[in-house]
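Read through the structure below, which is laid out as structure tokens, and then see the notes.
Rule-based calculations on the coordinates, nothing more; no lab input. None of these values were measured; they are calculated from a predicted model. Note: ideal-geometry Cβ built from the backbone for every residue, glycine included; neighbour counts use all protein chains shown.
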Amino acid sequence: MNQQQINELRQKLEQIPDEEWKSLSWSEEDQREILQKLREARLSTLFGVISQYFKSIDRQATKILMAVAIAHCVPGEMLWVRVYGASRSGKTEILRAIAKHPDSTEMEVITPASIRGGLDEGHRLLERIKDKLVITKDLASILASKPQARNEVFGLLRSVKDGRLTADFGTEKGYLPQEVKFDWIIGTTPVFAQYKQMEDLLGARYIDLNWRTGNREEMASQAMVNNPILDTVIRPAIAEAVGKLIDQAKDSQRFKPAELNEDTKQIIMDWADLTALLRSPVARDFQHRVKFHPEPEVGTELAQGFERIAKGLTLLNETDIDFCIARLCQDSIPYERRELIDRLLNGSVTSNANWHYSLEDLRLLGICEESNSNYWLKPELRDRISLLFSQWM
């Protein structure tokens with residue numbers, strides 16, 4: 001099939017519903033080629049719309065976010081991703097567009113009662129979001145609730161993430177067991193990442209993506225230009241481009257399920273294990289005393305999540321998968337600890353008032369060694385950490 005035929009068929013496919021394109025009588029090889037070209041065209045269309053109206057948007061984060069949305073059609077354990085970045089930096093526009101897709105639903109306000117559900121009747125949140133890609137554009141509405149309710153919400157969500165929630169009502173009719181699976185993309189601002197509230201409340205159950213902010217003056221200027229046509233032109237255009245991209249990836253997954261090569265699998269396993277270790281918390285009281293000896297997180301959940309995202313990137317025809325996964329690894333490590341590890345990669349670090357407890361945390365986790373207040377990375381970890389950090393900083 002020559003390039004002219006490919007272009008003609010691509011134009012034809014763009015004009016008919018996605019579910020009908022397979023009725024065309026092309027060979028399996030030609031269909032695979034068309035799918036790849038169509039994916040490229042639709043991703044190009046999405047970035048074309050974005051480039052026209054949001055010149056300073058984080059393009060790589062946009063691609064990773066689309067891979068997360070597309071990973072919803074890839075089987076596996078629940079995938080929960082938190083996207084944190086400055087307000088009005090563009091992330092909400094992409095999340096808004098993903099939420100428009102039929103496979104998605106929104107969840108902004110959560111109460112303990114809505115999660116537990118009524119025993120006999122009434123609204124049950126988990127039934128509504130079952131098997132959906134759930135979009136929460138701003139986590140602030142949850143975290144700003146009363147501490148007792150917030151703690152209860154996240155306590156219930158921990159059980160949900162583990163696969164089953166059993167709510168006891170203390171009545172004759174007993175309890176309500178619920179099993180539910182859903183993928184979740186959560187938008188928030190760096191303030192909540194800084195205070196690590198989700199780490200404390202949800203534990204190690206999600207992957208982080210730090211949405212970088214572009215040129216602020218340019219973004220403010222563009223916002224004024226966009227404002228009159230934001231609802232009538234820009235948002236519908238982005239939603240249409242995002243929807244087409246997701247639908248085409250679903251077709252590709254049905255036609256030929258995404259696969260990863262052995263090298264990529266090995267990288268994901270190693271980096272997931274390393275990231276789990278590097279982000280593991282050390283519990284301290286208000287006097288900075290260690291509450292108990294820390295047990296580092298095991299990287300199984302990260303590996304499962306990274307694998308699904310990598311397959312989403314494959315369905316986008318992305319070739320730089322390692323680079324994208326490395327970014328997610330580093331974004332999932334708390335900023336202060338990431339900065340300290342970067343310093344340790346350049347040599348030993350002497351303890352001081354700013355770094356003392358953070359360095360001690362790394363030592364307790366088995367990442368560092370110490371002598372006379374000097375800390376350095378363990379030799380068996382240095383090369384692995386150096387490889388990961390060299391991919392994205």
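Observations
- Neighbour-count order for Arg289, Arg82, fewest beta carbons within 10 angstrom listed first: Arg289, Arg82
- Distance histogram for the stretch 215-367 (every C-alpha pair counted, 5 angstrom bins, percent rounded to whole numbers): 1, 8, 12, 13, 12, 11, 12, 11, 9, 7, 4, 0
- For the stretch 256-325, applying the loop criterion from DSSP together with a ceiling of 16 other beta carbons within 10 Å to the GluC sites (Glu not before Pro) yields Glu259.
- Among Ser114, Ser221, Ser104, a tally of other beta-carbon atoms within 10 Å of each Cβ gives an order, fewest to most, of Ser221, Ser114, Ser104.
- Across Lys63/Lys161; Lys91/Lys181; Lys161/Lys378; Lys63/Lys265; Lys311/Lys378, pairs whose alpha-carbon gap is larger than 30 Å: Lys161/Lys378; Lys311/Lys378
- Using a Förster distance of 35 Å, the FRET efficiency for Phe323-Ala113 (Cβ separation, nearest 0.05): 0.20
- Taking other C-beta atoms within 10 angstrom as a stand-in for reagent exposure, Asp162, Asp270 fall in the order Asp162, Asp270, fewest first.
- When both the stretch 302-325 and the stretch 333-389 are represented by their alpha-carbon centers, they are found 28 Å apart.
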